[in-house]
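Asker: What follows is a structure written as structure tokens; I'll ask about it next.
The values are calculated or read from the model by the stated rules, or taken from the named source; none is laboratory data. Just so we're clear, the structure is a prediction, and the values are computed from it rather than from any experiment. For neighbour counting, all protein chains shown are included, and Cβ atoms are generated from backbone atoms with ideal geometry for every residue, glycine included.
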Amino acid sequence: MDEIEVPTEHLQEQLHEKALESEEKWIMKVALTAAILAVFAAIAALLAGHYANEAMIEQLKASDQWAYYQAKGIKYVVLESKIDLMKQMGEEAKPEDIEKAAKYKEEQKEIDKGAREKENASAEDLVLHNKLARGVTVFQIAIAICAISALTKRKWLWFGSMMLGILGILLMGLVFL
């Protein structure tokens, strides 16, 4: 009895082609995911840089205000010394000196308020910068895991990278809430 031989070579070739085709599609999806994550990372990095710059600018403005506050304080002390010296010499202080001294003290209160507002604005911008910097880090880790996923052909790593990408997007979103 002759055995019937089924030509499986052709079938094996087709299966192999389909497997390669399927793998190529999956690798393309991983690459596309990495590219999208890179776009989000770039946006988050740009925004983080913006808020870092804003924090620095606000802190510089606050420092300028504190220098102005000190200048008014020095003017006040000089006038107060002059007024005290005049009193010790038995003379009356000039009314305009007394008014100027009171004006300097009042201006210091306003300058103090403005400087503290600028310091608070700087601190708020720094908090936003830190949130976005964390998002950038998460995106970078997600991109690295995407690459590892493609190299090792492990789909679960790809899903993990997508989950990290979602976390990065959430961290970015917290800035705008």
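Asker: Condition (residue is within 29 Å of the chain's Cα centre (by Cα), within 30 Å of Gly165 (Cα to Cα) and of a type in the set (A, V, I, L, M)) applied to the stretch 66-79: is it met by at least one residue?
Answerer: No, that holds for no residue.
Asker: Oh, and also: Restricted to the stretch 127-155, and to residues that are assigned to a helix (DSSP H, G or I) and among the charged types (D, E, K, R), which residue is surrounded by the fewest Cβ atoms within 10 Å (Cβ to Cβ)?
Answerer: Lys155
Asker: Identify, from the list Asp84, Asp64, the residue that is modelled with pLDDT of 90 or more, in a helix (DSSP H, G or I), more than 30 Å from Gly114 (Cα to Cα) and among the charged types (D, E, K, R).
Answerer: Result of the check over Asp84, Asp64: Asp84.
Asker: Take the conditions free of Cβ contacts under 8 Å to residues at least 24 places away in the same chain, closer than 19 Å to Trp26 by Cβ and polar (S, T, N, Q) and apply them to Thr152. Does it pass?
Answerer: When the stated conditions are applied, Thr152 passes them.
Asker: Mind checking whether some residue in the stretch 158-175 is in contact with a Lys or Arg (Cβ under 8 Å, 6 or more places away or on another chain), surrounded by 14 or more Cβ atoms within 10 Å (Cβ to Cβ) and either more than 24 Å from Leu32 (Cβ to Cβ) or charged (D, E, K, R) (or both)?
Answerer: Taking every residue of the stretch 158-175 in turn, at least one turns out to be in contact with a Lys or Arg (Cβ under 8 Å, 6 or more places away or on another chain), surrounded by 14 or more Cβ atoms within 10 Å (Cβ to Cβ) and either more than 24 Å from Leu32 (Cβ to Cβ) or charged (D, E, K, R) (or both).
Asker: Do we find a residue being within 18 Å of the chain's Cα centre (by Cα) and within 30 Å of Met162 (Cα to Cα) anywhere in the stretch 101-119?
Answerer: No, there is no match, as no residue in the stretch 101-119 is within 18 Å of the chain's Cα centre (by Cα) and within 30 Å of Met162 (Cα to Cα).
Asker: OK, next. Which one of these does Gln59 not meet: (1) under 25 Å from the mean Cα position of the chain (by Cα); (2) under 30 Å from Thr33 (Cα atoms)?
Answerer: Of everything listed in (1) under 25 Å from the mean Cα position of the chain (by Cα); (2) under 30 Å from Thr33 (Cα atoms), Gln59 misses just condition (2).
Asker: How about the stretch 155-177: which of its residues are within 17 Å of Ala41 (Cα to Cα) and without any contact (Cβ under 8 Å) to a residue 24 or more places away in the chain?
Answerer: Across the stretch 155-177, the qualifying residues are Gly160, Met163, Ile166, Leu170, Gly173, Phe176.
Asker: Any idea which of Ile143, Ile166, Ile111 is in contact with a Leu (Cβ under 8 Å, 6 or more places away or on another chain) and at negative phi?
Answerer: Every option except Ile143 fails the conditions.
Asker: Taking the options Glu124, Glu119, Glu92, Glu107, name whichever one is outside any helix (DSSP H, G or I) and either β-branched (Val, Ile, Thr) or in contact with a helix residue (DSSP H, G or I) (Cβ under 9 Å, 6 or more places away or on another chain) (or both).
Answerer: Glu92
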